[in-house]
Amino acid sequence: MLNIILFGPPGAGKGTQSEGLLNKYGLKHISTGDLLRAERKSGTTLGLEADKFISAGDLVPDSVVIGMVENFMTANHDSEGFIFDGFPRTIPQAEALDILLEKHNTKIHVVLGLEVDEDELVKRLLLRGESSGRADDKDESTIRNRFQEYENKTLPIKSYYSKLDKYVVVQGIGEIQEIFSQLCSHVDECLK
Ligand code: AMP
């Protein structure tokens with residue numbers, strides 16, 4: 001199995017780059033943001049509860065997202081591997097992921113960290129909000145709160161995986177194809 005975390009702040013290009021990686025390496029995509037939005041669209045209790053956090057730009061409680069990821073992995077246990085997009089976003093989520101992967105006799109191979117400065121991210125998210133219809137991409141104060149959550153709760157994950165020698169930095173500004181090539185070169189390193 002090959003398991004990759006695509007890491008970075010909101011608007012760094014994780015969703016865009018995931019698509020290319022999935023096709024190239026035949027992996028399954030786990031985007032907790034997409035899973036939560038699907039729950040909300042179906043009007044489930046989980047989706048409606050999560051909506052309060054998403055609309056405010058806050059993180060959804062760990063137990064909710066960990067449960068969703070566990071279900072997804074169990075349902076796709078025969079996959080060649082996973083790309084985790086937007087998960088883990090807290091240290092408890094990263095620890096839970098390690099345990100889940102161990103249960104499936106596997107591990108995280110590499111964490112690809114897309115780095116983009118905040119002004120560029122705000123521009124991208126506001127632009128995305130015009131077409132995506134996502135309320136959390138339209139309002140600048142919600143966007144700023146998402147960055148705050150990222151800095152306080154998500155960024156510590158960078159040192160968690162750096163200590164394990166799994167974190168690599170990829171500049172997330174430039175041509176999509178050029179960034180993709182750099183991501184692939186890091187993934188190919190793991191396959192050697
Ligand atoms: P995303 O589509 O990844 O930008 O996620 C959109 C929103 O969903 C985030 O701002 C959070 O409110 C929620 N969310 C997605 N993934 C997670 C996660 N791993 N932990 C907590 N909240 C999450």
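The values are calculated or read from the model by the stated rules, or taken from the named source; none is laboratory data. Just so it is clear, the structure is predicted and the values come from calculations on it, not from any experiment. Virtual Cβ from ideal backbone geometry, glycine too; neighbours counted across all protein chains shown.
List, please: which pairs have Cβ atoms under 9 Å, are six or more places apart or on different chains, and start with a residue in segment 5-28 that is more than 12 Å from the ligand (Cβ to nearest atom) and end with one that is among the basic types (Lys, Arg) and modelled with pLDDT of 95 or more?
Taking only residues 6 or more apart or on different chains, the pairs are 22/28.
What about residue 191, is it loosely packed, with under 15 Cβ neighbours inside 10 Å and either in contact (Cβ under 8 Å) with a residue 24 or more places away in the chain or of a type in the set (Val, Ile, Thr) (or both)?
So residue 191 passes the test.
For segment 83-192, which fully contained helices (runs of 4 or more DSSP H) count at least 3 residues that are farther than 30 Å from residue 51 by Cα and not hydrophobic (A, V, I, L, M, F, W, C)?
176-191
Identify, by number, the condition in (1) away from the ligand (no atom under 11 Å from the Cβ); (2) touching a residue at least 24 places away in the same chain (Cβ under 8 Å); (3) among the charged types (D, E, K, R); (4) in a loop (DSSP other than H, G, I, E, B) that residue 78 doesn't meet.
Tallying (1) away from the ligand (no atom under 11 Å from the Cβ); (2) touching a residue at least 24 places away in the same chain (Cβ under 8 Å); (3) among the charged types (D, E, K, R); (4) in a loop (DSSP other than H, G, I, E, B), residue 78 fails exactly one: (2).
Specify which of the listed residues (102, 39, 95, 70) is loosely packed, with under 15 Cβ neighbours inside 10 Å, within 14 Å of the ligand (Cβ to nearest atom) and modelled with pLDDT of 95 or more.
Of 102, 39, 95, 70, the one residue that is loosely packed, with under 15 Cβ neighbours inside 10 Å, within 14 Å of the ligand (Cβ to nearest atom) and modelled with pLDDT of 95 or more is 95.
Between residues in segment 29-42 that are more than 21 Å from residue 77 (Cβ to Cβ) and residues that are among the acidic types (Asp, Glu) and more than 7 Å from the ligand (Cβ to nearest atom), which pairs lie under 6 Å by C-beta distance while being six or more apart or on different chains?
40/51
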